[in-house]
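The values are calculated or read from the model by the stated rules, or taken from the named source; none is laboratory data. Only a predicted model underlies this, so the values are computations on that prediction, with no experimental measurement involved. Cβ coordinates were reconstructed from backbone atoms using ideal geometry, including for glycine residues, and neighbour counts include every protein chain displayed.
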Amino acid sequence: MDKKKAEAVIEAVLFAMGESVEVSKLAHALEMENKEVKKIVVKMNERYKAEDRGISIVELEDSYQLCTKPELYEYLIKVAKAPRKYVLSDTLLETLSIIAYKQPVTRLEIEKIRGVSCSHAVDRLVEFNLIQELGRLDAPGRPLLFGTTEEFLRTFGVKSLGDLPTLNSEQMEDFKHQAEEEVQLKLDI
């Protein structure tokens, strides 16, 4: 394998792993001797330094790790502290709306309404800080209760849960009819 290809492989492996990788593992992957891999890494670091790149390869007890240069940490912190933008899929929105209107509510109650497992959706909504654990239901198994957060109110531009739109009976009937049609289509398949 030529040195250019070996450099690309080392860079790709170190980037993808995100943690230190033993020289022997790199050597095995490249079908080279450890000494050869070490020479290539030294040359890569020299080039990174000469080109004033934002990365370097750090040696840690006979392992290598791709790292950001320390003088650039302040920029990483700015990006890490920037507000996260998240995308709410239809599944997440559906789960969130059930929680908003039925809170405090357990996963099982959400699953009964949705008809499918909601563990992933609930976990993501907690991660996005749109819902939170409110305590436990006084019932067998003591299931967790979930409700919305202040972040939910900010995100959707409402001052309180009382400001959430209400559905009139005609809309409810329309939704029930649509749900029944969906169930029938799934049964026909």
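Some observations on this one:
- Total residues in the stretch 1-16 satisfying the condition of being farther than 15 Å from Glu59 by Cα and assigned to a helix (DSSP H, G or I): the figure is 9.
- Lone qualifier among Glu127, Glu109, Glu71 - being within 30 Å of Met17 (Cβ to Cβ), of a type in the set (D, E, K, R) and not assigned by TED's automatic domain parsing to the domain that holds Ala16: Glu127
- Output for the stretch 126-163, where each listed residue is under 23 Å from the mean Cα position of the chain (by Cα) and charged (D, E, K, R): Glu127, Glu133, Glu150, Glu151, Arg154
- Note on the stretch 62-82: residues that are of a type outside the set (A, V, I, L, M), out of contact with any strand residue (DSSP E or B) (no Cβ under 6 Å at 6 or more places or on another chain) and farther than 17 Å from Ile10 by Cα total 7.
- Subset of the stretch 102-145 (residues that are among the hydroxyl-bearing types (Ser, Thr, Tyr) and either touching a helix residue (DSSP H, G or I) at 6+ places or on another chain (Cβ under 6 Å) or loosely packed, with under 15 Cβ neighbours inside 10 Å (or both)): Ser117, Ser119
- Filtered residue count, the stretch 150-172, keeping only those that are more than 14 Å from Ala100 (Cβ to Cβ) and assigned to a helix (DSSP H, G or I): 4
- Total residues in the stretch 110-149, condition in a helix (DSSP H, G or I) and under 27 Å from Ala82 (Cβ atoms): 8
- The stretch 65-98 - residue that is of a type in the set (Val, Ile, Thr) and in contact with a helix residue (DSSP H, G or I) (Cβ under 7 Å, 6 or more places away or on another chain) and, of those, surrounded by the most Cβ atoms within 10 Å (Cβ to Cβ): Thr95
- For Arg53: the one exception among (1) of a type in the set (D, E, K, R); (2) outside any helix (DSSP H, G or I); (3) farther than 27 Å from Lys3 by Cα: (3)
- Selection status of Glu36, of a type in the set (D, E, K, R), within 30 Å of Tyr75 (Cα to Cα) and not in a strand (DSSP E or B): no
- Count of the stretch 18-33 residues which are exposed (fewer than 14 other Cβ atoms within 10 Å of the Cβ), free of Cβ contacts under 8 Å to residues at least 12 places away in the same chain and part of a helix (DSSP H, G or I): 1
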